[in-house]
Amino acid sequence: MNHYTLQDLTDMPSRYRANLMNSCTGYKPCNLLGTKGKNEKTNLAIFNSITHIGSNPPLLSFVLRPTTVARNTYQNIKETGFFTINQVHKDMIADAHHTSAKYEDDISEFDKTDLISTYRNDFFAPYVDKSPIQLGCSYVNEYLIKENNTILVIGAVEHLYLSNELIHPDGWVQLDKAETVSSIGLDGYALPEVLNRFAYAKPDQPIKSILNQS
Ligand SMILES: Cc1cc2nc3c(=O)[nH]c(=O)nc-3n(C[C@H](O)[C@H](O)[C@H](O)COP(=O)(O)O)c2cc1C
């Protein structure tokens, strides 16, 4: 097994270190953030740092890179207060990756890809048509991570859309049925498969599968 110390990591060429550190902690969720500016121009960008923060109230977060260059998604969210989160289906990966390209703020990634914007229930921000799981969110707060000048943005979930076949009777969502992808680092895309699902673990109790009963 290779062993890298902090010094080894620090001494690596930056692209190599970025690939290694971005992928070694595991698969990440792969989502498209849809926004619209005050000027009505839409924007779409891929983010793999969406994290569940809590269920009651339903909150999530994402990490934004330092604002040393224009960040259209962030600017739109700050201007309008709304964004959508759309899981990437396996058939969308090339277009989803394309949204990471640096386009000027007057150019919409919806016009540069085959991804189609759609609006639901008068929500301000655009969703991605055919994304199997879509959330409409509002901006709540942000925290500067002063160690590297990234920003942790907190959002409140206001709307959730997904088809009934994906949801088990107890609310658990079987993501492999949605065929949504995970990312490895900043350029790899993978299709995970559910292996099992277990009952709540209790001390000294055998682990019990509930995949086929839920
Ligand atoms: C797989 C992947 C994941 C990404 N995840 C993030 C992320 O979590 N946070 C971030 O700030 N940028 C992330 N990016 C980079 C943004 O997609 C990129 O900066 C994009 O141009 C932002 O668009 P915007 O300026 O229109 O908001 C990611 C890129 C890729 C390819």
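Just so it is clear, none of the values below were taken in a lab; they were calculated from the coordinates. In this text the structure is predicted, and so the values were computed from the model without any measurement. Virtual Cβ from ideal backbone geometry, glycine too; neighbours counted across all protein chains shown.
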**Cβ charges +1 (Lys, Arg) and -1 (Asp, Glu), total dipole of region 6-190, debye** = 340
**Message:** Taking 8 Å as the Cα distance limit and 6 or more residues as the minimum spacing, I'd like the relative contact order of region 139-185 as a percentage.
**Reply:** 23
**Asked** Which of the peptides 115-121, 129-135 is most tightly packed, and how do the rest follow, judged by the mean count of other Cβ atoms within 10 Å per residue?
**Response** 129-135, 115-121
**Complete:** Taking r as the C-beta separation of Asp129 and Lys208 and R0 as 45 Å, the FRET efficiency to the nearest 0.05 is 0.70
**Percent RCO, i.e. relative contact order, over the chain, from Cα pairs under 8 Å lying at least 6 residues apart** = 22
**Message:** Sequence gap at least 6, Cα distance under 8 Å: using those rules, report the relative contact order of region 147-214 to the nearest whole percent.
**Reply:** 19
**In region 31-78, trypsin sites (Lys or Arg not before Pro) in a DSSP loop with at most 12 other beta-carbon atoms within 10 Å** = Lys38
**Request:** Quick one: order Ser183, Ser55 by neighbouring beta-carbon count within 10 Å, fewest to most.
**Result:** Ser55, Ser183
**Request:** Compute the distance in nm between two label points, each set 7 Å from the Cα along the Cα-to-Cβ direction, one at Lys38 and one at Thr5.
**Result:** 5.3
**Charge dipole of region 6-190 about the Cα centre (unit charges at C-beta), most positive-ward option of Thr113, Pro66, Gly188** = Pro66
**Request:** Compare Glu193, Glu147, Glu104 in a GNM of the chain, Cα atoms joined below 10 Å, and give the one with the largest fluctuation.
**Result:** Glu147
**Complete:** Going fewest to most other Cβ atoms within 10 Å around each Cβ, Lys28, Lys146, Lys90 line up as Lys146, Lys90, Lys28
**Fill in**
For the chain, the charge dipole (Cβ of Lys, Arg +1; Cβ of Asp, Glu -1; about the Cα centre) points to a positive end, and the Cα of Pro126, Ile53, His168 closest to that extreme belongs to Ile53
**Request:** Tell me the label-point distance for the pair Glu142, Ala156, using the 7 Å Cα-to-Cβ offset, in nm and rounded to one decimal.
**Result:** 1.9
**Request:** Take the chain, connect every pair of alpha-carbon atoms lying under 10 Å apart with a spring to form a Gaussian network, then pick out the residue of Thr113, Thr84, Thr99 with the largest mean-square fluctuation.
**Result:** Thr113
**Message:** Give me Phe83, Phe62 sorted ascending by neighbouring Cβ count inside 10 Å, so fewest comes first.
**Reply:** Phe62, Phe83
**Kirkwood Rh in Å, taken over all unlike Cα pairs in region 6-190** = 17.2
